[in-house]
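The structure appears right after this line, and notes come after that.
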Amino acid sequence: MKKNIVTIGGSSSKHSINKTFVEYAGGLLKNVTLTKVDLNDFDIPLFSVDVEKEQGFSKDLLALNEIIEKADGFVISLAEHNGAYSTAFKNVFDWLSRINGKVWRNKPMLLLSASTGIRGGKTVLDIALGKFPFMGGNIIESMPFPSFNENFKDGEIVNTELKEKLDELVDKFKKAL
């Protein structure tokens, strides 16, 4: 049976480079079923314990949680907003943690970040590397992807070193499934 890999671009931008990058990375996996999560497809209110108490969990949150539950692994690429998670990702992450504190269920994860800058979203990646293991993140490999507009063109990585590095990490992730 094919493994179900969930890809998440940690941004609400309709033209997110992290969505583009994570779907590219997910596409490198062969003989798997990809479930592409677009945060815009889920109507989830701004997290608040008051909202949770008054309204409970939204049907879209429960649907997303079911996707997470059925996953065999995750490929996630985080957008960096002012040195941290995007608001959209953080909100979803906070809500999911209320359903299950081990959000990622200890399933294998390839954790990425991409930015147009030279650090490739390294700051948000470092935050996630520190936090996700406490939230059930079984991070097999991670990689920041710098200067996206120069290194990714026409749907492909054009920087040979970055391409080889991502291929290597995807292979390690695939073996961990």
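The values are calculated or read from the model by the stated rules, or taken from the named source; none is laboratory data. Please read all numbers here as calculations on a predicted model, not as lab measurements. Quick reminder, even Gly has a Cβ in these numbers, built from the backbone with ideal geometry, and neighbours come from all protein chains shown.
Here's the yes/no breakdown for (1) closer than 25 Å to ALA114 by Cα; (2) under 17 Å from the mean Cα position of the chain (by Cα); (3) polar (S, T, N, Q):
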{"site": "SER12", "(1), (2), (3)": "yes, yes, yes"}
{"site": "SER16", "(1), (2), (3)": "yes, yes, yes"}
{"site": "PHE21", "(1), (2), (3)": "yes, yes, no"}
{"site": "ASP38", "(1), (2), (3)": "yes, yes, no"}
{"site": "SER48", "(1), (2), (3)": "no, no, yes"}
{"site": "LYS53", "(1), (2), (3)": "no, no, no"}
{"site": "GLU66", "(1), (2), (3)": "no, yes, no"}
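Among the residues of segment 137-148, are any part of a helix (DSSP H, G or I), surrounded by 16 or more Cβ atoms within 10 Å (Cβ to Cβ), over 15 Å from the mean Cα position of the chain (by Cα) and modelled with pLDDT of 95 or more? Checked against the condition, which is being part of a helix (DSSP H, G or I), surrounded by 16 or more Cβ atoms within 10 Å (Cβ to Cβ), over 15 Å from the mean Cα position of the chain (by Cα) and modelled with pLDDT of 95 or more, segment 137-148 yields at least one hit.
Within the option set LEU46, LEU62, being over 29 Å from LYS122 (Cβ atoms), modelled with pLDDT of 95 or more and among the aliphatic types (A, V, I, L, M) holds for one residue only, LEU62. With respect to the stated conditions, PRO133 fails to be assigned to a strand (DSSP E or B) and out of contact with any Pro (no Cβ under 8 Å at 6 or more places or on another chain). Would you check if HIS81 is surrounded by 14 or more Cβ atoms within 10 Å (Cβ to Cβ), more than 25 Å from PHE173 (Cβ to Cβ) and not aromatic (Phe, Trp, Tyr)? Yes: the conditions hold for HIS81.
State all residues of segment 126-136 that are touching a helix residue (DSSP H, G or I) at 6+ places or on another chain (Cβ under 8 Å) and surrounded by 18 or more Cβ atoms within 10 Å (Cβ to Cβ); if no residue qualifies, say none. None; the set is empty.
Scanning segment 149-175 for residues that are part of a helix (DSSP H, G or I), touching a residue at least 24 places away in the same chain (Cβ under 8 Å) and surrounded by 15 or more Cβ atoms within 10 Å (Cβ to Cβ) yields LEU166, LEU169, VAL170, PHE173, LYS174.
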